[in-house]
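No lab work stands behind these numbers, since they all come straight from the coordinates. Since we're looking at a predicted model, the values are computed, not measured. Virtual Cβ from ideal backbone geometry, glycine too; neighbours counted across all protein chains shown.
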Amino acid sequence: MNKRISSRAIIIENNKLLTFFRRKNKDGKIKEYYSLPGGGQEKGETLEENVIRELKEEFNVDIKIIDYLGKKESDNYIEHFFYCTIINGIPKLSGEELERNCQDNYYELRYIDINEIDKIDIFHKDMINKAVTYAKEK
């Protein structure tokens with residue numbers, strides 16, 4: 001079985017992390033959580049091209065990769081994490097996420113104060129904390 005390969009961007013501006021807030025209603029059960037922008041790698045695409053394309057599609061922004069933070073791997077996927085900055089545009093919901101956005105599959109862009117990260121349900125807190133440390137050192 002091939003593992004799904006994806007790239008995710010960690011963008012911190014003014015001590016706030018750019019995230020997707022998600023609300024899913026499946027079989028009457030509502031799940032709310034936050035996630036980092038990014039997605040699956042397309043054939044022939046580098047990891048860097050992957051994260052740049054995904055942010056253009058999802059948030060309609062151009063980004064610059066500052067550093068590679070590492071990867072996480074499971075039986076089903078390999079996710080790569082990049083510390084990035086926005087170089088053009090103002091983030092707004094676009095692409096497939098905008099098209100699929102509805103009451104039962106809700107997407108919203110939210111900036112979360114980096115001091116509040118431990119209080120929310122978000123995947124990959126270890127990578128986010130790595131980016132926060134990196135940002136403070138620069």
Computed ³J(HN,Hα) along the range 55-60: with the Karplus parameters 6.51/-1.76/1.60, θ = phi - 60°, integer Hz and x for glycine or proline, the list is 5, 5, 5, 7, 10, 6
What's the extension gain from residue 16 to residue 53 if we count 0.36 nm per residue and subtract their Cα-Cα distance? 11.1 nm
Per-residue counts of other Cβ atoms within 10 Å, averaged by peptide: what ranking do you get for 3-9, 99-105, highest first? 3-9, 99-105
What is the range 15-57 by shape, rounded, prolate or oblate, if you read a ≥ b ≥ c off the alpha carbon gyration tensor as root eigenvalues and call it rounded for a/c under 1.5, prolate for a/b larger than b/c, and oblate otherwise? oblate
So what is the 222 nm mean residue ellipticity for the chain from helices alone, if each DSSP H run of at least 4 adds -39500 (n - 2.57) and you divide by all residues, rounding to the nearest 500 deg cm²/dmol? -7000 deg cm²/dmol
Express the relative contact order of the chain as a whole percentage, based on alpha carbon pairs under 8 Å and six or more residues apart in sequence. 32 percent
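May I ask you to derive the relative contact order of the range 50-119, considering only C-alpha pairs under 8 Å and at least 6 residues apart, and to give it as an integer percent?
30 percent
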Interchain or sequence-distant (5+) residues whose placed amide H lies within less than 5 Å of the amide H of residue 4 are 77, 78
The FRET efficiency for residue 68 and residue 117, from their Cβ-Cβ distance with R0 = 30 Å and rounded to 0.05, is 0.90
Tell me whether the chain comes out rounded, prolate or oblate; compute the Cα gyration tensor, take square roots of the eigenvalues as a ≥ b ≥ c, and use a/c under 1.5 as the rounded threshold. rounded
Just in the range 42-74: which trypsin sites (Lys or Arg not before Pro) are loop by DSSP and have at most 13 other Cβ atoms within 10 Å? 43
3J(HN,Hα) from dihedral phi, the range 89-98, Karplus parametrisation 6.51/-1.76/1.60, rounded to Hz, x for glycine, proline: x, 10, x, 8, 4, 8, x, 4, 5, 5
Length added when fully stretched, residue 23-residue 77, from 0.36 nm per residue minus Cα-Cα: 17.2 nm
